[in-house]
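Chemist: Please see the structure below; I have some questions.
The values are calculated or read from the model by the stated rules, or taken from the named source; none is laboratory data. Here the structure is a predicted model, which is why all the values come from computation and not from measurement. When we count neighbours, we look across all protein chains shown, and the Cβ atoms used for this are built from the backbone with ideal geometry, even at glycine.
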Amino acid sequence: MSVSIGALVLAAVTSGQDGQLQELQKMVQELQQEVSELKMNNNDTWLTEQRADEIQGLVREILSDSESRYSLVGSGATAGYNGGAFLMSEDGNWKMKINAQLQTRWNYNDAKEQPTRHGFEQRRTKIKFSGHILEPSWTYKISGTWARGGGGNTEDAWIGKSFDSGSWIKVGQFKSKFLREHIVSSSAQLAVERSMVNNAFTYGWTQGVELGWGNEELRLSAQYTDGPNQRNTDLAANPTNAWNLRGELKFGDAGWKEFGSFTSKHGGGNGLLLGLAYQDFDRSGSTIKYGNATASSSNGWTIDVSIRGDGWNIFGYVVNAKGSDFGVEQKSSGWLVQGGFMISDNSELFAQYQSGKIDDAVFAGASNEMSAIRLGINYWPAAGNKSLKWTTDIAWSQDALAKGDGTGASSADANWTSSGNGWRGDTNDQDGQMLLRTQLQLLF
């Protein structure tokens, strides 16, 4: 009796084929017959009628479970890990991929005539769902973040459709395509965090519609949105007409995916990427803080160059913007150049210089110019695997960093510094601020 039950359980666990199910059903019938014979013998010393009924119930339960297991296997659904954990239907028309990003950071900031500031923060904690529905041309992405101060926010929430011609359309909330430094993921930057130039001029995440077209050498996109940094917003009481236009031209054998990271590891493709973008927005009845100005309208442009080699990289860009409010114009500009070099399969040294200017603006205790130099190192514990990365950098500013509104008739609103990049506004024209950052990043 015990041998029959053991064999039954083993067959149930390992079931999944028609032959195995038939064998299992035969064993159940034999066991039921054995139980009936025992009941007839009325051998109460070791098996009562109640215990026989319990065993029969157990048999039915195991058989039902084995059939459900067989049904699951028969569905043909696949699961695994390929750039993220995924689930996919047998025909490939439904797919969901799950990714996550964790960034644990320690900052040390020394600004003259201010208390030294240092400590830990969970800079980014994200989970992302992406894939396609109905068939592979209908795509989607949903990504959520846990804010450093508690609560959460949505970054991506869009639906897309691609066409055989190489074109696509995307609607919802998505990352803007203006500054290339922001287009490259926060997980694939050279330094611990994006620059002060990016902080002032990025469009961030916004809501709207995107149209695009691309092939192996050229990509063009146009975005009509609610304006810069307009994510998680309600229907605007003061509507904004905002446009981002961007074109990218690629040379060499490096693919588009390789240009998705600023680092170029050993064995990577060689290539050159040229980018040109234009932005324009006009908001009715209110202002937006953008481009170091508080403005109801703005327009500007950026040009960027990315070069990748076997274990080395160079990137640079320049950006300009002109904001206006009640007839008062405020111009601002910035530029950055950086480069990295792999000193081993696991380690990369890098350097960066950034500079910016808010034209004709006056700030109490600070300059209308910004400049900073940065040196750092990236280390991957497993060569060739980006899942775990440790980055450390140190930087010094050459000018007293402005923060907030300028004085006089200017509509200047300096936005170089933030809690996210670790810099802070200087006082009493004190320059030479120092910032040390180290960060451990996990991706899966």
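Chemist: Of the residues that make up the range 108-115, is at least one crowded, with 17+ Cβ neighbours inside 10 Å, in the same structural domain as L276 (by TED's automatic domain parsing) and modelled with pLDDT of 95 or more?
Modeler: Our first condition is that a residue be crowded, with 17+ Cβ neighbours inside 10 Å; within the range 108-115, this holds for 109, 111.
Keeping just the survivors that are in the same structural domain as L276 (by TED's automatic domain parsing) gives 109, 111.
Those still in the list that are modelled with pLDDT of 95 or more too: 109, 111.
Checking the range 108-115: at least one residue is crowded, with 17+ Cβ neighbours inside 10 Å, in the same structural domain as L276 (by TED's automatic domain parsing) and modelled with pLDDT of 95 or more.
Chemist: Same structure, new question: Y224: free of Cβ contacts under 8 Å to residues at least 24 places away in the same chain, assigned to a strand (DSSP E or B), surrounded by fewer than 16 Cβ atoms within 10 Å (Cβ to Cβ) and out of contact with any Asp or Glu (no Cβ under 6 Å at 6 or more places or on another chain), yes or no? Reasoning before the result, please.
Modeler: Numbers: free of Cβ contacts under 8 Å to residues at least 24 places away in the same chain: yes; assigned to a strand (DSSP E or B): yes; surrounded by fewer than 16 Cβ atoms within 10 Å (Cβ to Cβ): yes; out of contact with any Asp or Glu (no Cβ under 6 Å at 6 or more places or on another chain): yes.
Here the answer is yes, as Y224 does meet what is asked.
Chemist: Does any residue of the range 116-126 turn out to be loosely packed, with under 14 Cβ neighbours inside 10 Å and among the polar types (S, T, N, Q)?
Modeler: Our first condition is that a residue be loosely packed, with under 14 Cβ neighbours inside 10 Å; within the range 116-126, this holds for 116-120, 122.
Then drop every residue that is not among the polar types (S, T, N, Q), which leaves 116, 122.
The answer is yes, given that some residue of the range 116-126 is loosely packed, with under 14 Cβ neighbours inside 10 Å and among the polar types (S, T, N, Q).
Chemist: Now for a separate question. Only strands (runs of 3 or more DSSP E) wholly contained in the range 246-361 count here; list those with 1 or more residues that are under 22 Å from E216 (Cβ atoms) and in the same structural domain as A191 (by TED's automatic domain parsing). Don't jump to the end; show me each part of the working.
Modeler: Details: elements: 271-283, 288-290, 293-295, 297-308, 312-325, 328-342, 347-358.
Counting at least 1 such residues, we get 271-283, 297-308, 312-325.
Chemist: Please specify each residue of the range 397-422 satisfying the condition of being among the hydrophobic types (A, V, I, L, M, F, W, C) and under 28 Å from the mean Cα position of the chain (by Cα).
Modeler: Taking the range 397-422 and keeping what is among the hydrophobic types (A, V, I, L, M, F, W, C), we get 400-402, 409, 412, 414, 416.
Within the range 397-422, A414, W416 meet the criteria.
Chemist: To continue, here is another question. So which residues in the range 280-318 are of a type in the set (F, W, Y) and within 30 Å of H266 (Cα to Cα), if there are any at all? First the steps, then the outcome.
Modeler: So in the range 280-318, the residues of a type in the set (F, W, Y) come out as 281, 290, 301, 312, 315, 317.
Selection gives W312, F315, Y317.
Chemist: Among the candidates F163, F120, single out the residue that is without any contact (Cβ under 8 Å) to a residue 24 or more places away in the chain, in the same structural domain as N292 (by TED's automatic domain parsing) and not β-branched (V, I, T). Full working, then the answer.
Modeler: Numbers: F163 fails: without any contact (Cβ under 8 Å) to a residue 24 or more places away in the chain.
Only one candidate passes the filter, namely F120.
Chemist: If you take the residues in the range 136-194 that are assigned to a loop (DSSP other than H, G, I, E, B) and among the hydroxyl-bearing types (S, T, Y), which one is farthest from L211 (Cα to Cα)?
Modeler: At the first step, the residues of the range 136-194 found to be assigned to a loop (DSSP other than H, G, I, E, B) are 136-137, 147-151, 163-166, 176-179, 184-185, 189-194.
Then drop every residue that is not among the hydroxyl-bearing types (S, T, Y), which leaves 137, 165, 176, 185.
Working: S137: 15, S165: 13, S176: 12, S185: 21 Å.
In this case the residue turns out to be S185.
Chemist: Could you check the range 399-426 and list, in sequence order, the residues that are buried (at least 16 other Cβ atoms within 10 Å of the Cβ) and polar (S, T, N, Q)? Give the steps one after another, and end with the answer.
Modeler: Keep residues of the range 399-426 that are buried (at least 16 other Cβ atoms within 10 Å of the Cβ), which gives 399-403, 406, 410-417, 421-426.
Of everything in the range 399-426, those that are buried (at least 16 other Cβ atoms within 10 Å of the Cβ) and polar (S, T, N, Q) turn out to be S410, S411, N415, T417, N421.
Chemist: Among the residues of the range 386-400, is any part of a strand (DSSP E or B), modelled with pLDDT under 95 and more than 18 Å from S264 (Cα to Cα)? Even if it seems obvious, please write down each step before you answer.
Modeler: Filtering the range 386-400 down to residues part of a strand (DSSP E or B) leaves 388-397.
Pick out the ones that are also modelled with pLDDT under 95 and you get none.
No, the range 386-400 has no match at all.
Chemist: Of the residues A351, A372, which single one is aliphatic (A, V, I, L, M), closer than 18 Å to N198 by Cα, crowded, with 22+ Cβ neighbours inside 10 Å and touching a residue at least 12 places away in the same chain (Cβ under 8 Å)? Let's see the steps before the verdict.
Modeler: On the way: A351 fails: crowded, with 22+ Cβ neighbours inside 10 Å.
Criteria check complete, one pass: A372.
Chemist: Step by step: first the residues of the range 375-385, then only those that are assigned to a strand (DSSP E or B) and in contact (Cβ under 8 Å) with a residue 60 or more places away in the chain, then the one that is farthest from the chain's Cα centre (by Cα). Which residue is that?
Modeler: Step one: of the range 375-385, the residues assigned to a strand (DSSP E or B) are 375-379.
So of that shortlist, the ones also in contact (Cβ under 8 Å) with a residue 60 or more places away in the chain come out as 376, 378.
Numbers: G376: 22, N378: 19 Å.
The extreme case among them is G376.
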